[in-house]
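What follows draws every value from the coordinates through simple rules; no lab data is involved. Just so it is clear, the structure is predicted and the values come from calculations on it, not from any experiment. Virtual Cβ from ideal backbone geometry, glycine too; neighbours counted across all protein chains shown.
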Amino acid sequence: MDPKEVVTRYHQAWTVGDLKSARGYLADDLDFQGSIDKFNRADDFIAALAGFQKMLRGVNLIQSFFSDIGAALLYDCDTPTPAGVIRTAEFFTVADGKIKAIRLVFDATELRKLMAG
């Protein structure tokens, strides 16, 4: 699969709560760096994503860009929390048909407050 297909299928899977399918698109040694967490293993990342997915009402994809080695997605995460709608940019590196790295950028101010309380 090319990066566009890998990232598109991954995004579609996690946003509907199919984390088992989403995990299949990730390299075991996934390098994830986000606004709150960092992970070096896909299983650890998926466990954290499962927690976030539970407080998600929906995801609205705004824009996507694809290249031979990766992709960038811009989307809004709608949550019922005081954080409300979280504008998110996600950057992917794909190799050998798997997502090898993810850089996730969003304003984590409100989520950090929730996590502290």
Problem set entry | Projected-area mean, segment 3-116, by convex hull of Cα positions, square nanometres | 6.2 nm²
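Give, rounded to the nearest 20 debye, the magnitude of the charge dipole that segment 3-116 has about its Cα centre when Lys and Arg contribute +1 at Cβ and Asp and Glu contribute -1 at Cβ. Before the final figure, lay out the partial values.
Numbers: 14 positive and 15 negative charges, 41 e Å.
That gives segment 3-116 a dipole magnitude of about 200 debye.
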Exercise. Taking K and R as +1 and D and E as -1, what net charge do the other residues with C-beta under 15 Å from the C-beta of L19 add up to?
Worked result: +2
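Gain in length, D44 to L74, computed as 0.36 nm per residue apart minus the alpha-carbon separation, to one decimal in nm? Could you put the intermediate results ahead of the total?
On the way: separation 30, 0.36 × 30 = 10.80 nm, distance 2.33 nm.
This chain segment gains 8.5 nm when fully extended.
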Exercise. Mind checking which of F92, F39, F65 has the largest fluctuation in a GNM of the chain, springs on alpha carbons under 10 Å?
Worked result: F65
Problem set entry | Distance-filtered residues of segment 9-44 - backbone nitrogen under 16 Å, label point 7 angstrom along S64 Cα→Cβ | 9-18, 22-23, 25-26
Exercise. Counting only complete DSSP H runs, which helices of the chain cover 15 Å or more along their long axis at the Cα atoms and score a mean Kyte-Doolittle of 0.0 or above?
Worked result: 42-54
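Listed here are the pairs K54/K100; K54/K113; K4/K54; K20/K100; K4/K38; which of them are more than 21 Å apart at the Cα? Numbers along the way, then the final one.
Working: K54/K100 25 Å; K54/K113 18 Å; K4/K54 26 Å; K20/K100 17 Å; K4/K38 24 Å.
In this structure, K54/K100; K4/K54; K4/K38 exceed 21 Å between Cα atoms.
Which net charge results when you count Lys and Arg as +1 and Asp and Glu as -1 among the other residues whose beta-carbon is under 10 Å from that of D43? Working shown, then result.
Details: positive: R23, R41; negative: D28, D44.
Its environment carries a net charge of 0.
First select every other residue whose beta carbon is under 14 angstrom from the beta carbon of V59; then total the charges, Lys and Arg +1, Asp and Glu -1. Working shown, then result.
Values: positive: K54, R57, R87; negative: D18, D76, D78, E90.
Local net charge: -1.
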For this session: Specify the residue with the greatest mean-square fluctuation among G51, G34, G84, computed from a Gaussian network of the chain linking alpha-carbon atoms under 10 Å apart.
Result: G51
Problem set entry | Phi-based couplings in Hz for segment 73-85 (Karplus 6.51, -1.76, 1.60; Gly and Pro marked x) | 10, 10, 8, 10, 9, 8, 10, x, 8, x, 5, x, 8
